[in-house]
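**Q** Let me begin by handing over the structure; questions about it come next.
The values are calculated or read from the model by the stated rules, or taken from the named source; none is laboratory data. From a predicted model like this one, the values you see are computed outputs, not experimental measurements. All Cβ positions, even for glycine, are placed from backbone atoms using ideal geometry, and neighbour counts span all protein chains on display.
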Amino acid sequence: MAIDNSIGFPIVDLSDSLKSDSACQEIAIKLRKICHEVGFFIVKNHGIEPEIIEQAFSYSQRFFELPLEQKRLIDKRKSPFFRGWEGEGSEYTNNQPDIREQIDLWSEHPPVQTAHVNPFYLHLLGPNQWLPEEILPGFKSCVSQYIEQMSQLGDQLMSLLALGLDLPAEYFEDHFGTERMSLTKLIRYPETPAGAFGVNAHHDTGFLTILNPGDTPGLEIELADGSWVPVPIIEDTFIINLGEMLQAMSGNYYIATTHRVNTTQPRLSIGYFHGPSLETSINRLPMAQHFIDAVSASPRHRNAGFMAPIQETESGVSAMQGKLQASTYGEQMWNYFCRSYPDNAKKFYPHLVD
C-alpha cells in the first residue's frame, strides 16, 4: 500500500468494526494489508471521550511547566524500575541522545521481594513515581484514567490484528497474561536543534503503539524506498504503529516501521505502548502457511531487522538490521532499558550489566 502524502495515511474507522461480525472481519483484513505493507495507520471513531484526552494534555502541560526542583522529586534516576521524569538528552535511542523531556509510567505491580530474582527481568516490576498530590492535584487520577482507556483500545486493536492473521479474536488476550507491562510516555519536545532529533530514528520495542501527537507536527516515518514522510495531524484521531515484538511474533509478516521526530516548534504528545506480561514468549505465532510464504517471497519482509545494540552498530551492522536479542518480552524490555538508560542499569543492576 503506497502512501500518497497529498491524500494522507491509511485511516481506519473503528466504529465500523462494531456493526457486525462481517464488518469486523472486513476491518481486520484491511488492517492486515496496512500492517503488512506500511505498519502505520490512523484510527478515528475510537470511542475515547475528548474530555479525557484534553485533560491528560492539560495535566501534561502543567507538569512540564513546574519548577525543576519539583519535577526532580520523581527523577527516573531514583527508580530501579526505570520510571519517572527525565530531562532532555537523558534517553538514548538508536545510540543517540533524544532531545525531549518526558515522564515514563509503566503498569504498576508489587516489586519482587527477593534477593535473587528469576528470571532476572522481573526486576522491572514495581511502582511508578508520582508527585505529591498537593503539588499537582488530580494529576495521578487523570493520567491513570487515560491509561485505562488506552489499554482498552489496545486490546481492541490487538483483537483485530489477530483476526487478520486468521487467529481467534481473543488470541492475544489469552496469551498476554495477567501482569501486563504497558508504558505511557508524557512527552515535551523543544524545537529540534540542527543536527539532532527529538527522538532519533527507531522502531518501537513492544507490540503496538497508540500515539496522540497533539496539535503540532513533527513525527516522520521512513517508507520502504528510504524516503521520510511527515505524519499529518488529524483532529480526534490516534496514530497507530507496530513494534518489534509483533514483527517477531508474526514472522516479519507485520512490519515495525522506522520513525523519528523533528519539530520546528515546541510539541506535546502522549504515547501509549501496549504490552503483555514479561514472561510472554515472542516466538512466531501459529500462522497459516500462506503468511509464511508471503514473507519468504518478499526481500523487504524476509530481511526485516531489529534495532541493533551499540556492539552491533560498531561492528558495521545497520541501525535497523540487528538480530532479535530475546525470546521473551521481558528479555526484550531489559535489553531496551540497558540500551536506552545504561547509567541507570549499571547503578541498580551492576551484577547484570556487562
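**Q** Please indicate, with yes or no, whether at least one residue in segment 134-144 is over 30 Å from Asp21 (Cβ atoms), modelled with pLDDT under 95 and loosely packed, with under 15 Cβ neighbours inside 10 Å.
**A** Among the residues of segment 134-144, not one is over 30 Å from Asp21 (Cβ atoms), modelled with pLDDT under 95 and loosely packed, with under 15 Cβ neighbours inside 10 Å, which makes the answer no.
**Q** With respect to Ile233, determine if the residue is touching a Pro at 6+ places or on another chain (Cβ under 6 Å), at pLDDT below 95 and β-branched (Val, Ile, Thr).
**A** So Ile233 fits the description; yes.
**Q** Can you pull out the residues in segment 255-277 that are buried (at least 24 other Cβ atoms within 10 Å of the Cβ) and over 16 Å from Ile210 (Cα atoms)?
**A** none
**Q** Identify all residues within segment 333-351 that are in contact with a Phe, Trp or Tyr (Cβ under 6 Å, 6 or more places away or on another chain) and at pLDDT below 90; write none if there are none.
**A** The one that is in contact with a Phe, Trp or Tyr (Cβ under 6 Å, 6 or more places away or on another chain) and at pLDDT below 90: Ser340.
To keep it simple, each residue is scored yes or no on (1) within 22 Å of the chain's Cα centre (by Cα); (2) free of Cβ contacts under 8 Å to residues at least 40 places away in the same chain; (3) closer than 17 Å to Thr209 by Cα.
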| site | (1), (2), (3) |
| --- | --- |
| Asp98 | yes, no, no |
| Trp106 | yes, no, yes |
| Gln113 | no, yes, no |
| Val117 | no, yes, no |
| His123 | yes, no, no |
| Leu136 | no, no, no |
| Cys142 | yes, no, no |
| Tyr146 | yes, no, yes |
| Met150 | yes, no, yes |
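**Q** A follow-up question, please. Is it the case that Arg339 is of a type in the set (Lys, Arg) and either free of Cβ contacts under 8 Å to residues at least 60 places away in the same chain or assigned to a strand (DSSP E or B) (or both)? Can you show your working first?
**A** Numbers: of a type in the set (Lys, Arg): yes; either free of Cβ contacts under 8 Å to residues at least 60 places away in the same chain or assigned to a strand (DSSP E or B) (or both): no.
For Arg339, the condition - of a type in the set (Lys, Arg) and either free of Cβ contacts under 8 Å to residues at least 60 places away in the same chain or assigned to a strand (DSSP E or B) (or both) - is not met.
**Q** Can you find a residue that is over 27 Å from Ile34 (Cα atoms) and of a type in the set (S, T, N, Q) anywhere in segment 172-184?
**A** yes
**Q** So Asp21 clears everything in (1) touching a strand residue (DSSP E or B) at 6+ places or on another chain (Cβ under 6 Å); (2) charged (D, E, K, R); (3) modelled with pLDDT under 95 except one condition, right? Which one?
**A** (1)
**Q** Answer yes if at least one residue in segment 93-109 is in a loop (DSSP other than H, G, I, E, B), closer than 29 Å to Thr178 by Cα and modelled with pLDDT under 95, and no otherwise.
**A** The answer is no, given that none of the residues of segment 93-109 is in a loop (DSSP other than H, G, I, E, B), closer than 29 Å to Thr178 by Cα and modelled with pLDDT under 95.
**Q** Related question: For Val112, are the conditions met, namely being at pLDDT below 95, outside any helix (DSSP H, G or I) and surrounded by 15 or more Cβ atoms within 10 Å (Cβ to Cβ)? Spell out the reasoning first.
**A** Working: at pLDDT below 95: yes; outside any helix (DSSP H, G or I): yes; surrounded by 15 or more Cβ atoms within 10 Å (Cβ to Cβ): no.
In short, no.
**Q** Can you name the residue in segment 241-254 that is more than 20 Å from Asn94 (Cα to Cα) and touching a Cys at 6+ places or on another chain (Cβ under 9 Å) and, of all such residues, is surrounded by the most Cβ atoms within 10 Å (Cβ to Cβ)?
**A** Let us first name the residues in segment 241-254 that are more than 20 Å from Asn94 (Cα to Cα), namely 249-254.
Of the ones still in play, those that are also touching a Cys at 6+ places or on another chain (Cβ under 9 Å) are 250, 253-254.
Details: Ser250: 24, Tyr253: 24, Tyr254: 29.
Result: Tyr254.
So that you can scan it fast, the table gives a plain yes or no per residue for (1) among the aromatic types (Phe, Trp, Tyr); (2) out of contact with any strand residue (DSSP E or B) (no Cβ under 6 Å at 6 or more places or on another chain):
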{"residue": "Ile11", "(1), (2)": "no, no"}
{"residue": "Ser17", "(1), (2)": "no, yes"}
{"residue": "Ile34", "(1), (2)": "no, no"}
{"residue": "Phe40", "(1), (2)": "yes, no"}
{"residue": "Glu49", "(1), (2)": "no, yes"}
{"residue": "Arg72", "(1), (2)": "no, yes"}
{"residue": "Ser79", "(1), (2)": "no, yes"}
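**Q** Name the residue, out of Phe57, Phe40, Phe64, that is of a type in the set (A, V, I, L, M, F, W, C), under 22 Å from the mean Cα position of the chain (by Cα) and under 30 Å from Ser318 (Cα atoms).
**A** Values: Phe57 fails: under 30 Å from Ser318 (Cα atoms); Phe64 fails: under 30 Å from Ser318 (Cα atoms).
The unique qualifying residue is Phe40.
**Q** Applying the selection to segment 45-92, what residues are assigned to a strand (DSSP E or B), touching a helix residue (DSSP H, G or I) at 6+ places or on another chain (Cβ under 9 Å) and closer than 23 Å to Gly138 by Cα? Don't jump to the end; show me each part of the working.
**A** Looking only at segment 45-92, we keep the residues that are assigned to a strand (DSSP E or B), and these are 75, 84-86, 92.
Remaining after also requiring touching a helix residue (DSSP H, G or I) at 6+ places or on another chain (Cβ under 9 Å): 84-86, 92.
Within segment 45-92, Gly84, Trp85, Glu86 qualify.
**Q** Report, by residue number, each residue of segment 185-235 that is of a type in the set (Phe, Trp, Tyr) and crowded, with 19+ Cβ neighbours inside 10 Å. Quick ask: steps written out before the conclusion?
**A** Step one: filter segment 185-235 for residues of a type in the set (Phe, Trp, Tyr), giving 189, 197, 207, 228.
Hits for segment 185-235 are Tyr189, Phe197, Phe207.
**Q** Does segment 115-164 hold any residues that are aliphatic (A, V, I, L, M) and either on the phi > 0 side of the Ramachandran plot or not in a loop (DSSP other than H, G, I, E, B) (or both), and which are they?
**A** Leu122, Leu124, Val143, Ile147, Met150, Leu153, Leu157, Met158, Leu160, Leu161, Ala162, Leu163
**Q** Next question, about the same structure. Looking only at segment 73-120, count every residue that is of a type in the set (Asp, Glu), over 20 Å from Gly206 (Cβ atoms) and touching a Ser or Thr at 6+ places or on another chain (Cβ under 9 Å) and tell me the total. Give the steps one after another, and end with the answer.
**A** Going through segment 73-120, the residues of a type in the set (Asp, Glu) turn out to be 75, 86, 88, 91, 98, 101, 104, 108.
Then keep just the ones that are over 20 Å from Gly206 (Cβ atoms); that gives 75, 88, 101.
Among the residues that remain, those that are also touching a Ser or Thr at 6+ places or on another chain (Cβ under 9 Å) are: 101.
Counting residues in segment 73-120 that are of a type in the set (Asp, Glu), over 20 Å from Gly206 (Cβ atoms) and touching a Ser or Thr at 6+ places or on another chain (Cβ under 9 Å) gives 1.
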